[in-house]
Structure formats: C-alpha cells, structure tokens
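These notes are about the structure you will find just below.
The values are calculated or read from the model by the stated rules, or taken from the named source; none is laboratory data. Remember, it's a predicted structure, so these values are computed and weren't measured experimentally. Because the Cβ atoms are built from the backbone with ideal geometry, glycine has one as well, and the counts that use them run over all protein chains shown.
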Ligand SMILES: [Fe+2]
C-alpha cells in the first residue's frame with residue numbers, strides 16, 4: 001500500500017457554525033472580500049449574517065453559474081482596489097471556485113486565463129474561508145477552481161496547493177433554502193465525484209473509505225432532502241456527504257464523467273451535477289470491465305450488492321444508478337435534457353484530442369469509445 005493524503009482545510013461542521021465566521025476570519029487576514037452569487041445569499045439572509053460579523057468586508061456579488069475567467073479578473077481588481085486581505089466565498093460551487101482564482105489573482109498579475117494549470121500562482125494566494133450554501137461540489141475542501149476560459153469557451157481548471165481554503169464552515173442550516181432542482185443537481189455532483197474517486201487512477205485506500213460512505217449517505221438522504229428541504233437530518237447528511245466527496249477528489253481528481261459532462265453544460269446549459277449523473281451509467285458500466293471489485297463496492301454502497309466480476313458489477317451498477325435517478329424523478333437519457341444526438345461525434349473527437357480530460361480514467365479510451373459512451377448516455381440505456 002502506498003499513497004499520499006493531504007487535507008489542509010480546517011473543517012468546522014454543524015448547525016449554527018456560521019456564527020464562528022468573524023472569529024475564524026480575524027486570525028487569517030484583514031478586510032474580507034466576500035464573493036457571492038447573483039442573489040441567493042442575499043435573499044436567504046446569509047449575506048446579512050456574514051456582514052454582521054465582518055463589518056470591514058466588501059462584497060463582490062453576481063458570480064455567474066459556471067463562472068468565467070474574465071469575471072474573476074474583474075472581481076480581483078475590485079478586491080485589490082479595496083485592499084482586501086482574505087477572500088470569503090459564500091454560496092455554491094460557482095462562487096467558491098471563482099473565489100480561489102480571485103485569491104490567486106490578488107497576489108499575481110492577471111489575466112486569469114494565463115493561470116490555467118497546476119500550481120501556477122507562484123506568488124501565493126490570499127487565505128480563503130469558504131461557506132458553502134449548497135451540498136454538492138465539495139469545493140470548500142478542494143484546491144481546484146474550475147472556470148470557463150473565455151478565450152476558447154472551454155471549462156478548465158486552475159489547481160494549486162495554495163488554493164485549498166484555510167477553513168470551511170459547513171452550516172447545514174444554510175442549505176435549507178435550496179430549491180429542489182438545486183438540491184438534486186448538486187447532490188448528484190457529490191455522488192458523481194465520490195463514485196469517480198473510487199475508480200480514478202489516483203484513488204487511495206483512505207479516499208475510498210470516504211467515497212463509499214458518501215455514496216451510502218447520498219443514496220439514503222438525497223431523496224429525502226429533495227422531498228422536504230426543511231428535513232434538517234437530510235440536509236445535514238447531504239452537506240456532510242458533499243464535503244466527503246470534495247475530500248475525495250482533492251486526492252483523486254475526477255475522471256471521464258466530469259471530462260465528458262462539461263460539454264452538456266457549456267453547449268446545452270445542463271446543470272453540472274445533472275450532466276455528470278447522465279454519464280454515470282455508461283462510464284461505470286465501462287469501468288466494471290476494468291475494475292469489477294471497485295465497481296461492485298460502489299454498487300453495494302448504493303444498495304445493490306453483487307459479485308466482484310465484470311458482468312455482475314456492470315449489471316448491478318446500472319441498476320443502482322437507474323434506481324436512484326428514478327427515485328429522484330430524473331430521466332437517465334441525455335436526450336431528455338436537450339442534448340442533440342447529431343453533435344456527439346464532434347464532442348467525442350474533441351474530448352479524445354484533449355487527453356487531460358481522461359488522464360485519471362481507467363480502461364481503453366479513444367474517440368470511438370467516447371462516442372459509444374455518449375450514445376449510451378443519450379439514450380439512457382443499460383449495457
Ligand atoms: Fe463536480
């Protein structure tokens with residue numbers, strides 16, 4: 001056994017922990033730059049609660065869903081002008097990912113698009129204290145900022161040790177106001193990340209423990225959170241599972257599910273988590289061929305125990321994913337999410353030409369295989 005596991009983010013979890021925001025920020029830097037989305041943090045009252053504890057803070061509001069590099073440049077210029085010394089994202093994955101790039105750009109000259117890649121902010125980054133209000137991306141505990149690079153319209157990643165938030169305040173009470181669609185979409189992102197972590201070429205024994213536990217929790221509690229947003233137990237469990245999935249991909253990164261799914265988002269506006277969910281069945285039926293014991297473990301965590309053999313794992317994982325999607329009233333067919341079959345060859349060729357999108361993916365991958373996987377997702381079929 002050989003692995004590295006690093007998680008430098010201090011995790012503070014529980015109902016009401018938002019009340020510790022002022023104290024935690026105080027020790028890390030002066031004049032917080034709060035980074036948030038268009039309206040939900042203000043509407044839900046979370047922004048007001050944060051400002052009451054951070055009277056010196058300035059607010060950059062309006063981070064878009066799937067934010068772009070240019071918006072990060074704009075926010076960093078705003079933060080520099082105000083003389084901010086710490087960045088506090090409040091919201092879902094979009095503000096959290098944007099905040100990491102902004103924290104880097106505060107100490108490194110832009111433009112943001114120049115920093116795509118790993119450990120590119122050589123002059124460091126401002127400290128980040130993340131306050132998630134959705135239960136999905138786990139971005140509060142990862143060193144990744146996924147952004148749309150406006151130079152080519154592609155989703156790309158800025159990653160780096162100095163982008164791990166110093167602290168993550170996980171207060172499940174902040175997630176109660178999430179609408180059902182956001183609950184489902186973000187919950188499915190957490191599921192996808194946990195599942196991908198298990199089969200990633202970079203999986204570790206320790207991250208597998210977290211990932212399989214996240215799968216068990218999501219299967220049990222995501223339908224309940226979707227059913228009743230005020231189910232405090234379900235909200236708490238989902239926020240916990242999403243954080244676990246973040247801890248997983250901080251080690252393992254994601255696989256071809258995320259690598260293929262992003263085109264559903266950039267081309268058809270399919271929510272990130274939903275895009276991944278539509279690819280889980282084809283990719284994990286593919287994975288069953290190459291890592292049947294791992295896929296069987298995921299299937300078991302999702303309530304479908306099976307023998308650790310390729311055929312049995314393929315059947316069980318397909319049934320498990322379809323059952324969960326069905327419970328959530330989600331069609332497994334990408335066609336139903338508006339994806340056009342005529343573009344799948346173009347998508348597959350594009351992905352095949354960018355190997356970093358599948359560098360952690362097991363099994364044989366080429367343009368023809370990617371095309372088959374897209375086809376299967378399009379039809380929502382079982383192999
Ligand atoms: Fe994700």
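Worth a mention:
- Residue that is within 13 Å of the ligand (Cβ to nearest atom) and under 23 Å from residue 27 (Cα atoms), where the choices are 142, 186, 137, 157: 142
- Residues in region 108-125 that are at positive phi and exposed (fewer than 14 other Cβ atoms within 10 Å of the Cβ): 117, 119.
- Scan of region 343-364 for residues that are over 22 Å from the mean Cα position of the chain (by Cα), in a loop (DSSP other than H, G, I, E, B) and under 19 Å from residue 157 (Cβ atoms), ordered by number: 353
- Scanning region 145-177 for residues that are under 19 Å from residue 351 (Cβ atoms) and either within 18 Å of the chain's Cα centre (by Cα) or buried (at least 19 other Cβ atoms within 10 Å of the Cβ) (or both) returns 146, 147, 148, 149, 154, 155, 156, 157.
- Residues that are free of Cβ contacts under 8 Å to residues at least 12 places away in the same chain and closer than 18 Å to residue 253 by Cα, drawn from region 203-228: 209
- All conditions in (1) at pLDDT 95 or above; (2) part of a strand (DSSP E or B) hold for residue 156, with the sole exception of (1).
- Members of region 135-153 found to be in a helix (DSSP H, G or I) and either more than 10 Å from residue 170 (Cβ to Cβ) or assigned by TED's automatic domain parsing to the domain that holds residue 273 (or both), listed by number: 139
- Number of positions in region 358-383 that are modelled with pLDDT under 95 and more than 23 Å from residue 314 (Cβ to Cβ): 0
So that you can scan it fast, the table gives a plain yes or no per residue for (1) closer than 15 Å to residue 188 by Cα; (2) in contact (Cβ under 8 Å) with a residue 24 or more places away in the chain:
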position: 239; (1), (2): yes, yes
position: 251; (1), (2): no, yes
position: 254; (1), (2): yes, yes
position: 277; (1), (2): yes, yes
position: 288; (1), (2): no, yes
position: 296; (1), (2): no, no
position: 311; (1), (2): no, no
position: 314; (1), (2): no, yes
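- Residue within region 234-243 that is within 11 Å of the ligand (Cβ to nearest atom) and either closer than 24 Å to residue 131 by Cα or part of a helix (DSSP H, G or I) (or both) present: yes
- Counting only helices (runs of 4 or more DSSP H) that sit completely within region 247-305, those holding 3 or more residues that are within 14 Å of the ligand (Cβ to nearest atom) and either within 19 Å of residue 148 (Cβ to Cβ) or modelled with pLDDT of 95 or more (or both) correspond to 256-268, 272-290.
- Criterion: within 21 Å of residue 375 (Cβ to Cβ) and surrounded by fewer than 21 Cβ atoms within 10 Å (Cβ to Cβ) - qualifying residue of 305, 310: 310
- Here 256, 239 are screened, and the one residue that is assigned by TED's automatic domain parsing to the domain that holds residue 319, farther than 22 Å from residue 205 by Cβ, buried (at least 24 other Cβ atoms within 10 Å of the Cβ) and touching a strand residue (DSSP E or B) at 6+ places or on another chain (Cβ under 6 Å) is 239.
- Scan region 189-217 for residues that are within 17 Å of residue 283 (Cβ to Cβ) and either more than 14 Å from the ligand (Cβ to nearest atom) or part of a helix (DSSP H, G or I) (or both) and the total you get is 16.
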